1. For the stretch 291-392, which strands (runs of 3 or more DSSP E) that fit wholly inside it have 3 or more residues that are touching an Asp or Glu at 6+ places or on another chain (Cβ under 9 Å) and open to solvent by 10 Å² or more (accessible area, probe 1.4 Å)?
2. G595 passes all but one of (1) open to solvent by 20 Å² or more (accessible area, probe 1.4 Å); (2) modelled with pLDDT of 95 or more; which number fails?
3. Just a yes or no: is a residue in the stretch 163-177 within 11 Å of K124 (Cβ to Cβ), assigned to a strand (DSSP E or B) and open to solvent by 50 Å² or more (accessible area, probe 1.4 Å)?
4. Before we move on, is A567 out of contact with any helix residue (DSSP H, G or I) (no Cβ under 8 Å at 6 or more places or on another chain), surrounded by 24 or more Cβ atoms within 10 Å (Cβ to Cβ), touching a residue at least 60 places away in the same chain (Cβ under 8 Å) and not in a loop (DSSP other than H, G, I, E, B)?
5. Scan the stretch 266-283 and give yes if some residue there is closer than 24 Å to V353 by Cα, among the polar types (S, T, N, Q) and surrounded by 19 or more Cβ atoms within 10 Å (Cβ to Cβ), otherwise no.
6. Go through the stretch 783-812 and count every residue that is open to solvent by 50 Å² or more (accessible area, probe 1.4 Å) and either modelled with pLDDT of 85 or more or among the aromatic types (F, W, Y) (or both).
7. Determine which member of the set V330, V379 is out of contact with any Lys or Arg (no Cβ under 8 Å at 6 or more places or on another chain) and either farther than 16 Å from N465 by Cβ or in contact (Cβ under 8 Å) with a residue 12 or more places away in the chain (or both).
8. Within the set of pairs 6 or more residues apart or between chains, which connect a residue that is farther than 15 Å from F318 by Cα inside the stretch 236-247 to a residue that is open to solvent by less than 40 Å² (accessible area, probe 1.4 Å) and among the aliphatic types (A, V, I, L, M) with Cβ atoms less than 6 Å apart?
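The values are calculated or read from the model by the stated rules, or taken from the named source; none is laboratory data. The model shown is predicted, which means the values in this text are computed figures rather than measured ones. Neighbour counts run over all protein chains shown; Cβ positions are idealised from the backbone, glycine included. Keep in mind that these areas ignore ligands, DNA and RNA; they rest on the heavy atoms of the full protein, side chains included. Shrake-Rupley method; radii C 1.70, N 1.55, O 1.52, S 1.80 Å.
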Amino acid sequence: MEDATTPPSQPELVGEKRKREEGSPDAAAEDAPAASGEDAAGGGRHPMWKTSLCSFFRRRGAGAEGCSHGESCRYAHTEEELRPRPDGTWDPTSDRAKKLRKVAAEAQEEAEEEVTVDEQSLDKCLVGLPRGWTADRIKTFLQDQGILYATAKKKKGMTVGFVTFESVEQLTHAVQVLKENPSGGKEIKISDANRRSHQKVRAEGHVANGTATENGSNPATTAGETSAPEVVASSKKSARDAVTPLAHMPYNDQLEHKKHSMAQILKRLTRNARKACPPAIPLPNWIFKSKEIGGLPCKLEGILESPIVDGYRNKCEFSVGYSLEGKKTVGFMLGNFREGVTAVEEPVNCPNVSEISCKYAQMFQDFLQSSSLPLWSRVDNCGFWRQFTVREGRCPAEAVVLQHVESQISEVMLIVQVCSTDVDEALMKEEFDKLSTALIQGASTCSPPLPLTTIVVQDHKGISNAAPADCPLIPLLVPKGDQLEGRAEDKTRIHDHISNLKFSISPTAFFQVNTLAAERLYTLAGDWANLNSDTLLFDVCCGTGTIGLTLAHRVGMVVGIEMNESAVSDAHRNALINGIKNCRFVCGKAEDVIGSLLTEYLGSPQQHIAASESNSVINDTSKNEDTINCTESDVENMDSSAEKNDNGENEQPRDGSVDLHTCGDEDIKGDSVDRVNKEADSSPDEHIEAVVEQSCGEASLINDEPTDAISTDSLEHGKTCQDSSSIQNNNVLAASACQFKNVVAIVDPPRVGLHPTVIKALRMHPLIRRLVYISCNPDSLVANAIELCTPTSEKQEKNKGNRGWRSMSAAGLARQRTKSMPNSEPFIPKRAMAVDLFPHTSHCEMVMLFER
């Protein structure tokens, strides 16, 4: 019987038993090593003696001294002391095991990379190419090695190239040559390549004299010759499903669907801004308050519906290709090319396309059936006919009857995109004559006749159909009423109307595709911008000047920035057509000119920061003196003044760095207010043509005076308008901005969003207190908003060279850029609203207001 005083046994901790047993003398004697070289069985040692490395050795690299068991430890403390295990293997953590695994892996890799030599697999990959090589470099390399091939291509930055051989003999010779002659001491290996789905079943096409057929096949391609994956992916999908995926839903349900999608995207802004905030800086209040509104950065105030739902697009870009049955077709692609889909189907039952556009697409399709020139092949990147675009111009908004919108289309522009590479010029001119005749006759024979203003050919030799703005244009039909002097290209334009203003549109200029919904969009942006006669408005990415011109009567001056030269020319023309004189449009990339324009009109940010610090010091000193010498009545006056400021009167920008007077407002505003309801075409075209001849970047008139002259006069006049309390060192700075109390920026960037340089310039300038962002891609809006709204620390982090950015999302890249953002006051998201410019599709515009 156990003694009652004996304490109960405690359970041993894990590992304690092993340590106790291995550390006891009996265990040491039991595991003591036998004589050197004695066999394990003969010496009575454990079969696993010294077959594993000691954990102390693996962690610290020390010998037996670092182990608590010393010489009695059963584990090896060096690679030399390590012994093989009974099954002939080594400790997996040892160097010997690692070397053996490496040799085995290399042997297996060589076995797997054995090239299949057969006629059915002549498409191969070249592995191990330098990243800097391009397609031309790899072709030169193969020619220098004496290797014959059919096609070769490689993208710069990749280590893999693709080569197609014409025969088994060429492939066998290439494998042998590359094994014997390594490039730069490194062997370039050949491996099998998997062809894309749209290439698997196509036959090799014949290309001669600039002629080719889609997918390299005979023009009479049958449905049976279409690749199986493409048939499976496209047979159940129509052009209506591909272009308008929400057309099956009632319009109210579409609006709710888009509103929910926009809310989810805005929540991403909150999450990413929280991650981007520096650890040493507290989170902004708007992030804390986001919990109260479901994680949104600001209130989403709903979605504005489109005034018209069907046939609203004033610009339709039709692809040219072959249908699933092999017929030449003008319409929409049924999927993405990267998915192996090249089939094009007619725009049947597409609710967003007008009947006029569909009829012109059918006319062009009928013409292609008899054309001797080939269609563009997306696989071989060759052919002639590429794309067909229809642009429509409508009557003024007040005359539009929503039930009969198409009857209000008064002007039509047709743009035919071609590739003239290796095509005979005489043959091309003959085809153009036939095309213009067919389109003109087709428009006149319709009942009722279709409007047709101009026909333009765009010669684009690139791979993608997205042609640059400076692509050559060939006018085939010029408006009959335009008998003015000048280039024919300048006359190929149509006109549309927004807010009773007339806009001239050139072939490549950007113009919102939904005119009536765009009018609501611009009105909303102007209301949120809090515009008045003392406002200087920067219209970034202005296009043809639609936003700035529609809001010009509500501001003192508009400065527009646009990189498309023809669009800037249109903006100047539009300003003169509508009698607007308080707008200036600058041609150039926004990231190149935004900094100089902000400095020109507002002064440099450094000046304002220095002025703010000087004013704060003087104000503190004056406050101290007033506190000492003030009387009771002075205190009452100060209190009343404070109450006045709290009520919002005499409100100045928060930085308080510059006293912005209105000494030059009358000179700037001039006749801008009187032109609000002016007739759109009241100005004679002779005056318009004279201004268009001027340089796009320099031609700007304000009350018929050059901008530079007015700026100089305003500067001199501003020097006499300084308040007696202003600092003399800030006279020039105050004069440059003395005409405007309010500075607002409205940005309407393309889908990629604003350039980081533009974001930095807008954020760094303290006078820009309000920014309205109009986005056609909410994903890029989130990325730009992260940089605008994230607080920054005084210590900047330099961006380190890291290839990880290739796999980062747009929001992730924005978070990285905020680390190098100079210390500045961040914006705060205040309001957001979606605007449905694209009914029946998943796309939607987003308007967001930022303030600080």
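1. Answer list for the stretch 291-392: 328-333.
2. Here G595 meets the rest and fails (2).
3. no
4. Yes; evaluated as a whole, the condition is true for this residue.
5. Scanning the stretch 266-283 turns up no residue that is closer than 24 Å to V353 by Cα, among the polar types (S, T, N, Q) and surrounded by 19 or more Cβ atoms within 10 Å (Cβ to Cβ).
6. 1
7. One residue alone meets the criteria, V330.
8. Filtered contacts from the stretch 236-247: K237/L334.
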